[in-house]
Amino acid sequence: MRNSDADVDVVVIGAGQAGLSGAYHLTRAGLDHVVLDHAPRPGGAWQFRWPSLTYGKVHGMHALPGMELTGADPLRPSSEVIGEYFAAYEDRFGLRVRRPVDVSAVREGDGGRLRVETSAGVWSARALINATGTWDRPFWPRYPGQETFRGRQLHTAQYPGPREFAGARVIVVGGGTSAVQHLLEIAEVAAETTWVTRRPPVFRDGGFGEAEGRAAVALVEERVRRGLPPQSVVSVTGLPLNEAVRAGLASGVLDRRPVFDRITATGAVWADGSRVDADVILWATGFRAAVDHLAPLRLREPGGGIRVEGTRAVRDERIHLVGYGPSASTIGANRAGGAAVREIRRLLNRERAAAPVS
């Protein structure tokens, strides 16, 4: 790779919704940039979704800026529909996506630039848009006896669809939307299911309008401003009480139990001595932000998160996080991409104005 190829105004890490939105706005702004994506093909995290998640079941998928997603078959897997849409989007706007490229570290470089170290070489940038999301960091909680369980344990990131659970006794751990979706599917084929959550689930009845959305985002944003690890927007909105969920509550599939005290070789035991035998434990326990490659820049606060104002990292104005915290939704990612590019333009214009005239 020639030096001229490696020196850019902006590096974008990740080509999901947030990364492509950022790349679109960078292209319109005329800023030299490259998008580095570790996935094998277009589609972001959507390409790894389970086959039974059809496009018609997707909640809140918003089109990328400048190009609508129209005419999609609701019965096709969302991984195919959205993967094809992202590929067409990259092609239409000529977005420079390099893949598969793994980013190992972002460090301080020469002359105030950022050094982005990857499996495909080193890039030097004046600013960076980090759009790595959470899919690569599934969270596995730890409980006593977990290592003794003789059945199968898997995370929702590895969920293959309901067929593999036919005839099995399954414990689903987690109180989010994915946990509910998986449980309702699995219950149709499994011998027995048990739903376990740390806190009682909160079901949201009625509409969820703009005001409710703003309030939910504000709660997540406040954590990020305080330098705490972000929660997802979904975690503060509650679970939508749709027709499938109502049926699950009525049938008893969604009768929730508190978290067990320990795991045994054959299942789980609660503090009161009750036990459930299981063949599979499915951990639908969420994800964490994939930002370890930013560690050399020392952006984390004592609370464990990266403090962000808008999209800008408070500790380093060259770094913008999109799809992080309050922008970790498809519509939030779209808006964050544009906001990050506006901030970066101001930064680069300020640097140019301050540069000595030769």
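The values are calculated or read from the model by the stated rules, or taken from the named source; none is laboratory data. Bear in mind that the values here come from a model prediction, so they are computed numbers and not experimental data. Every residue, glycine as well, gets a Cβ built from its backbone with ideal geometry; the counts of neighbours run over all protein chains shown.
For the range 129-150, the tally of residues that are without any contact (Cβ under 8 Å) to a residue 24 or more places away in the chain and part of a loop (DSSP other than H, G, I, E, B) stands at 1.
Scanning the range 208-242 for residues that are closer than 23 Å to Leu53 by Cα, over 20 Å from the mean Cα position of the chain (by Cα) and modelled with pLDDT under 70 yields a count of 1.
Only one of the listed residues (Leu69, Leu31, Leu36) is in the same structural domain as Arg126 (by TED's automatic domain parsing), in contact with a strand residue (DSSP E or B) (Cβ under 6 Å, 6 or more places away or on another chain) and over 15 Å from Gly337 (Cβ atoms). That residue is Leu36. Restricting attention to the range 276-297, the residues being within 22 Å of the chain's Cα centre (by Cα) and either part of a strand (DSSP E or B) or at positive phi (or both) number 4.
Evaluate the following for Leu184: is it crowded, with 17+ Cβ neighbours inside 10 Å, on the phi < 0 side of the Ramachandran plot and in the same structural domain as Val58 (by TED's automatic domain parsing)? Considered against the rule, which asks whether it is crowded, with 17+ Cβ neighbours inside 10 Å, on the phi < 0 side of the Ramachandran plot and in the same structural domain as Val58 (by TED's automatic domain parsing), Leu184 comes out as no. The one condition from (1) in contact with a helix residue (DSSP H, G or I) (Cβ under 6 Å, 6 or more places away or on another chain); (2) more than 20 Å from Gln181 (Cβ to Cβ); (3) surrounded by 13 or more Cβ atoms within 10 Å (Cβ to Cβ) that Leu294 does not meet is (1).
Listed here are the residues, each with its yes/no results for (1) in a helix (DSSP H, G or I); (2) aliphatic (A, V, I, L, M).
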| position | (1), (2) |
| --- | --- |
| His62 | no, no |
| Met67 | no, yes |
| Leu75 | no, yes |
| Gly83 | yes, no |
| Phe86 | yes, no |
| Tyr89 | yes, no |
| Val101 | no, yes |
| Gly111 | yes, no |
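Which ones in the range 12-32 are in contact with a helix residue (DSSP H, G or I) (Cβ under 9 Å, 6 or more places away or on another chain) and either acidic (Asp, Glu) or part of a loop (DSSP other than H, G, I, E, B) (or both)? The answer is Gly14, Ala15, Gly16, Leu31, Asp32. Among the criteria (1) of a type in the set (A, V, I, L, M, F, W, C); (2) free of Cβ contacts under 8 Å to residues at least 40 places away in the same chain; (3) in contact with a Pro (Cβ under 6 Å, 6 or more places away or on another chain), the one Val224 does not fulfil is (2). Cβ separations smaller than 7 Å between residues 6+ apart or across chains give the following pairs from the range 46-69 residues that are closer than 21 Å to Ile186 by Cβ and in contact (Cβ under 8 Å) with a residue 12 or more places away in the chain to residues that are aliphatic (A, V, I, L, M) and surrounded by fewer than 16 Cβ atoms within 10 Å (Cβ to Cβ): Thr54/Leu75; Gly56/Leu75.
Restricting the first member to the range 253-278 and to residues that are within 19 Å of Leu183 (Cβ to Cβ), and the second to residues that are modelled with pLDDT under 95 and part of a loop (DSSP other than H, G, I, E, B), the beta-carbon pairs closer than 7 Å and six or more apart or on different chains are Arg256/Pro200; Arg256/Pro201; Val259/Arg198. Residue-level check: of (1) crowded, with 16+ Cβ neighbours inside 10 Å; (2) over 23 Å from the mean Cα position of the chain (by Cα); (3) in the same structural domain as Ser79 (by TED's automatic domain parsing), Arg169 misses just (3).
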